[in-house]
Amino acid sequence: MNRYETLLLDTASRDERLVVITAENRGHMRTVPPMLGDRFIDVGIAEQTMIGMAAGMAVRGRVVVTHALAAFLTMRAFEFIRDDVAIANAPVIMVGMVPGVLSDGNGPTHQAIEDVSIMRGLPNMGVFCPCDESEFIDGMRVLLESRRPWYVRYINTPDLAISRVAFEPGVATVVRGESLHRPNVTILTYGFLTRQCIEAAEELGRDDVQVRVVNMRTLKPADEKAILHAAGTSELVVTVEDHLLTGGLASIVAETLMAHGKGAHVLTIGFPTWFTPGRLDEVLANEHISSAAIAHRIRQRLADIVHVPAAPPSSTHEVTHA
Amino acid sequence: MTLEERNALEQAALRVRQHIVRMSTNGGCFIGASLSCADVLVYLYWRFLNISPLTVNAEDRDVLLLSKGHDVPALYGVLAERGFISKDRLKNHLSVDDHIYWHPNRAVSGVEFHSGSLGHLLSVGMGMALDARMKGLPTRVVVILGDGELNEGSVWEACLVASALSIDNLVAIVDRNHFQANIRTEELVPLEPLAEKFRAFGWDAMYVNGHDMESLDECFGALQLNTGRPTVVIADTRRGKGLPSIEERADRWFCNFSPEEADALLDELSGNSRATLTSETLIVR
Ligand SMILES: [Mg+2]
């Protein structure tokens, strides 16, 4: 039994409100159906019906976890999420499988790389993108008690060697370079690529480039303080995400700096369009989001900005993008 | 049903229709669809549904959902007549100071879920029905669907799943008024044979005259739930029912009448001469 299954079953045994619904996507939760009895529902390949039913249950006091492929969950069922979950502000925790780069060989139809953008665009909706299995489990515990809707990027990758801070929506954590006073670079990231960012930071550190890595954890609410702190203390802010460059963390950073009248040098790393499918490690290399590629792109960008004057502390000049 | 009971229901339906006509001016409303389902809603709230202003939050109450939300003036009329909301409040139609507008908002007492976009509330109702079943409650969930709404694939997806999950405390009612927006259903995307379609999806299906209280009483009195199958009642209705001057007219879908026209229509409802209507109607969807 994996930790997700344990969490669902533990929660269900304590909280009779919990119902789990899937759109015929039982991988990662095979032991749940027989143990949850009628509180596990498989609607078949019917994401719209799944979300509508979840909303109907949630407004009657249930807490519903819906579990389906991230691409189909967020896009096939989008209007149901918008109308029936978000408008109702119903406690439905929507867990999306193989989000971002994790769809590896499936191809563009299965790529959820605009999911953060469209989900955070909805009023009432929260967005949680954990970096490893422990963070997923810790966050889910909190979300299941939150009485509001959430979209969650599922991840079950082995735990990163990072210090952990109790999960709190809207609170980012420093996962590398906490003790650096004024790092040359702050990488803001979330989800699967957090590992690549930490490795890239280690590599850059060996060249005397001091890099802090910040794990955003939730993209909505996003930790604005962490973003402003990065902009105020580093020569270069880098966003790294397995998501389109529109609407995700790159946009969140731009929106935040704009709202606070701050400027910064920002390098945005993400997908300009659908990525070429293949084995995961090859995709990372091919899309220039492996740790080596991230380190290389940061080095290049740093080399560019040493030739321009540093941003004055309270500058309102325009945000620059890679 | 005694003659007195029948008269009382018909009088209630007349008052609901008067509310609908009053909401068709000063901004207007989807009057045709509201009039077609008025009798069904009156029958359900007076004779079938286990719900009242006193039990509006009771866990075991029956639930009615308007999946075709644009007929909500009929529901508001019913809720006002049954005391869920005050009749005075209907004057707030389209005021930003209240929640009463062209589609349902569940901030209004008695409205169980919001709608507007078609094809949503069958699945929402299925979730409610399953929740009640899991809790061992006698709750029945009734979902009003439009016939035009049946164009939406999500309705049929939900039908398949309702059957697969044997949701048998669920009743869908199709307000079969034979129109969608500005065209007859059979001229655009034909639905017939409709009962056979539902039966092929594993549902029990029956027809009823949706404007005859006696027929409605026979149909809902004989309704067998808890059979392992969901049920659909196809209510044969006329769009604009009660107002011959707009009945069955493709162009009288959304109407915003002048106060004088609304007064004439109120006369017409009471059996007086037909109103002369000059207001333009909304043809485009
Ligand atoms: Mg119709």
Check: Of the residues in region A:87-116, how many are within 19 Å of the chain's Cα centre (by Cα) and among the hydroxyl-bearing types (Ser, Thr, Tyr)?
Finding: 1
Next item on the list: Could you list, in sequence order, all residues of region A:1-51 that are part of a loop (DSSP other than H, G, I, E, B) and within 12 Å of another protein chain (Cβ to nearest Cβ)?
Entry: A:GLU16, A:ARG17, A:ALA23, A:GLU24, A:VAL43, A:GLY44, A:ILE45, A:ALA46
Notebook entry, point to check: All but one of (1) surrounded by 19 or more Cβ atoms within 10 Å (Cβ to Cβ); (2) under 25 Å from A:SER103 (Cα atoms); (3) without any contact (Cβ under 8 Å) to a residue 40 or more places away in the chain hold for A:ARG212; which doesn't?
Noted result: (2)
Item checked: Enumeration of residues in region B:114-163 that are under 16 Å from A:VAL59 (Cα atoms), part of a helix (DSSP H, G or I) and under 14 Å from the mean Cα position of the chain (by Cα) -> B:LEU121, B:LEU122
Note to self: So A:ALA71 passes all but one of these: (1) within 13 Å of another protein chain (Cβ to nearest Cβ); (2) under 20 Å from B:GLU157 (Cα atoms); (3) surrounded by fewer than 24 Cβ atoms within 10 Å (Cβ to Cβ). Which condition number does it fail?
What the structure shows: (1)
Next item on the list: Among the candidates B:LEU41, B:LEU54, single out the residue that is surrounded by 21 or more Cβ atoms within 10 Å (Cβ to Cβ), outside any loop (DSSP other than H, G, I, E, B) and either modelled with pLDDT of 95 or more or away from chain A (no Cβ under 14 Å) (or both).
Entry: B:LEU41
Next item on the list: Please go through region A:265-308 and pick out each residue that is among the hydrophobic types (A, V, I, L, M, F, W, C), within 23 Å of the chain's Cα centre (by Cα) and closer than 17 Å to A:ILE187 by Cα.
Entry: A:VAL266, A:LEU267, A:ILE269, A:PHE271, A:ILE289, A:ALA292, A:ALA293, A:ILE294, A:ALA295, A:ILE298
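So that you can scan it fast, the table gives a plain yes or no per residue for (1) away from chain A (no Cβ under 14 Å); (2) without any contact (Cβ under 8 Å) to a residue 12 or more places away in the chain; (3) among the polar types (S, T, N, Q); (4) in a loop (DSSP other than H, G, I, E, B):
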| site | (1), (2), (3), (4) |
| --- | --- |
| B:LEU9 | yes, no, no, no |
| B:ALA13 | yes, no, no, no |
| B:GLY27 | yes, no, no, yes |
| B:ASN50 | yes, no, yes, yes |
| B:TYR76 | yes, no, no, no |
| B:SER95 | yes, yes, yes, yes |
Margin query: Suppose the filter is touching a Leu at 6+ places or on another chain (Cβ under 7 Å), surrounded by fewer than 20 Cβ atoms within 10 Å (Cβ to Cβ) and without any contact (Cβ under 8 Å) to a residue 60 or more places away in the chain; does B:GLU152 pass it?
Written below: yes
Item checked: Unmet criterion (only one of (1) farther than 22 Å from B:VAL40 by Cα; (2) under 19 Å from the mean Cα position of the chain (by Cα)) for B:GLU214 -> (1)
Notebook entry, point to check: If you go through region B:97-132, how many residues are surrounded by fewer than 21 Cβ atoms within 10 Å (Cβ to Cβ) and within 12 Å of chain A (Cβ to nearest Cβ)?
Noted result: 7
Item checked: The one condition in (1) within 26 Å of B:SER163 (Cβ to Cβ); (2) within 12 Å of chain B (Cβ to nearest Cβ) that A:VAL63 fails to fulfil -> (1)
Margin query: Suppose we filter region A:132-186 for residues that are small (Gly, Ala, Ser), assigned to a loop (DSSP other than H, G, I, E, B) and in contact (Cβ under 8 Å) with a residue 60 or more places away in the chain; how many remain?
Written below: 0
Note to self: Just to check your reading of the model, which residue among B:ARG184, B:ARG239 is more than 14 Å from chain A (Cβ to nearest Cβ) and over 17 Å from the mean Cα position of the chain (by Cα)?
What the structure shows: B:ARG184
Notebook entry, point to check: Within region B:197-224, can you find the residues that are of a type outside the set (Gly, Ala, Ser) and under 17 Å from B:GLY146 (Cα atoms)?
Noted result: B:LYS197, B:PHE198, B:MET206, B:TYR207, B:VAL208, B:ASN209, B:HIS211
Note to self: Here's a check for you: in region B:133-167, which residue that is within 8 Å of chain A (Cβ to nearest Cβ) and closer than 19 Å to A:VAL85 by Cα is farthest from the ligand (Cβ to nearest atom)?
What the structure shows: B:GLU157
Next item on the list: State which residue pairs qualify: first residue within 11 Å of chain B (Cβ to nearest Cβ) and inside region A:81-110, second residue in a loop (DSSP other than H, G, I, E, B) and among the β-branched types (Val, Ile, Thr) in any location, beta carbons under 7 Å apart, and separation of 6 or more residues or different chains.
Entry: A:ALA88/A:VAL59; A:ALA90/A:VAL59
Next item on the list: Could you run through region A:248-300 and say how many residues are of a type outside the set (Lys, Arg) and outside any loop (DSSP other than H, G, I, E, B)?
Entry: 33
Notebook entry, point to check: Between residues in region B:176-203 that are at positive phi and residues that are within 12 Å of the ligand (Cβ to nearest atom) and not in a loop (DSSP other than H, G, I, E, B), which pairs lie under 6 Å by C-beta distance while being six or more apart or on different chains?
Noted result: B:HIS178/B:ARG184; B:HIS178/B:THR185
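The values are calculated or read from the model by the stated rules, or taken from the named source; none is laboratory data. Given the structure is predicted, the values throughout are model-derived calculations rather than measurements. In this analysis, Cβ positions are derived from the backbone assuming ideal geometry, glycine residues included, and neighbour counts consider all displayed protein chains.
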